[in-house]
1. If you scan the range 285-305, which residues turn out to be more than 22 Å from the chain's Cα centre (by Cα) and either β-branched (Val, Ile, Thr) or at positive phi (or both)?
2. Among the residues in the range 97-104, are any modelled with pLDDT of 95 or more and of a type in the set (Phe, Trp, Tyr)?
3. Kindly provide the set of residues from the range 306-322 that are surrounded by fewer than 18 Cβ atoms within 10 Å (Cβ to Cβ) and at positive phi, ordered by number.
4. Can you tell me which of Gly116, Gly212 is on the phi > 0 side of the Ramachandran plot and not aromatic (Phe, Trp, Tyr)?
5. Checking Ala252 against (1) more than 21 Å from the chain's Cα centre (by Cα); (2) of a type outside the set (S, T, N, Q); (3) at pLDDT 85 or above, which single condition isn't satisfied?
6. Return yes or no: is Arg101 basic (Lys, Arg) and under 17 Å from the mean Cα position of the chain (by Cα)?
7. Does the range 259-280 include one or more residues that are within 22 Å of Ala195 (Cβ to Cβ), under 20 Å from the mean Cα position of the chain (by Cα), surrounded by 16 or more Cβ atoms within 10 Å (Cβ to Cβ) and at pLDDT 90 or above?
8. Among the residues of the range 300-330, write down those that are touching a residue at least 24 places away in the same chain (Cβ under 8 Å), over 23 Å from Phe234 (Cα atoms) and assigned to a loop (DSSP other than H, G, I, E, B).
Amino acid sequence: MPGGPAPLDVAQSGVVASRRIPKEDLMIEAPAMPEPTKAPAGALTMVYGDHYFLQRWVDYYGRQFGRQHLYILSHGGDPEHARIAEGANIIRLPRDPSMWRLDRRRWSFISQFAAGMMRYYNWFIVGDVDEVVIVDPAVAPDLTQYLARYTGTRPMHKSLCPFAVELVHNPEVEPEPLADDQPILSRRRVFRANANYCKPCVLRHETTFTIGGHANSHQPRFLDPHLYLVHLRFFDHDRVTERLAGRKAMRATMAGDRDLGEVGKAWGKDLETYAKLSTRKPVREDAELADFRKTMIEGQQHLHGGKVTFFGGGRTKELYRLPERFASVF
């Protein structure tokens, strides 16, 4: 996309960027005031299949920003995506059946597409279809009103990192089935915190993402105190086991003649991981996890000459439960 950052290509690191970023580009400050010529906020995801997750994603962000401000990169041009996301912007992308360098291509394109959107939006959220960003309802009623609070603040952060709550369904603790007409958080609020998913996904300025969107080129990283990224990887026993079994088959296709251990590592043990987590019970109700947040920030790792930063802390061993006030948010 003209004007967007060039794709990165740091093969060993998983960084999706290719050119050396000029120092003057890194020093550009995002404006402290919203630009009246731009829309307040929009959101982007890329999806292949995953109809249930797309429906939830579109319904949620449609309420937050309006469907006209949602962008769905439909990998393979699935006609069901267009039906689910009627009123949103559907961009159909060809799907290479070999899935060669799938994640690298994907995040290079997403980085450049999102950079273009920053010409038209004051805030732009980028994420996978099984992730949504919410705000603590005790602080603000919706994302647009919360993000508006950053107006005039200094320093003006170029992107915000929500705190990641990775929902983990234990059928014994949360036996009630999900219902399409009810919020997911009304039935599923047990979680573990995962620093790797505290992604810098709420953008105020163009950037280049690492593969998976787990970091970007903005410095320093900022962990927002009231935003949460809800990750649905392990959110429901029946849906999780079916979906992750399909991911294993996709991983084998991506590997081809290569060693399976070299491909789709993030998916490799998800099913086994969920089986272990799904028997645990929450130790307490707690959305803040102040000690874990502190560990994340104090344990930050600055890589590639300080151009890319990852939070420390890993994942919590214990499970927790979101308070009741979150039940109607998503």
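The values are calculated or read from the model by the stated rules, or taken from the named source; none is laboratory data. Computed from a prediction, not measured in an experiment: that's the story for all the values here. Cβ sites come from the backbone with ideal geometry, for glycine too, and all protein chains shown count toward neighbours.
1. Once the filter is applied, which keeps residues that are more than 22 Å from the chain's Cα centre (by Cα) and either β-branched (Val, Ile, Thr) or at positive phi (or both), the range 285-305 yields His304, Gly305.
2. no
3. Correct list: Gly306, Gly314.
4. Testing whether each residue is on the phi > 0 side of the Ramachandran plot and not aromatic (Phe, Trp, Tyr) leaves just Gly212.
5. The one condition Ala252 does not meet is (3).
6. In short, no.
7. Within the range 259-280, one or more residues are within 22 Å of Ala195 (Cβ to Cβ), under 20 Å from the mean Cα position of the chain (by Cα), surrounded by 16 or more Cβ atoms within 10 Å (Cβ to Cβ) and at pLDDT 90 or above.
8. Gln300, His304, Gly306, Lys307
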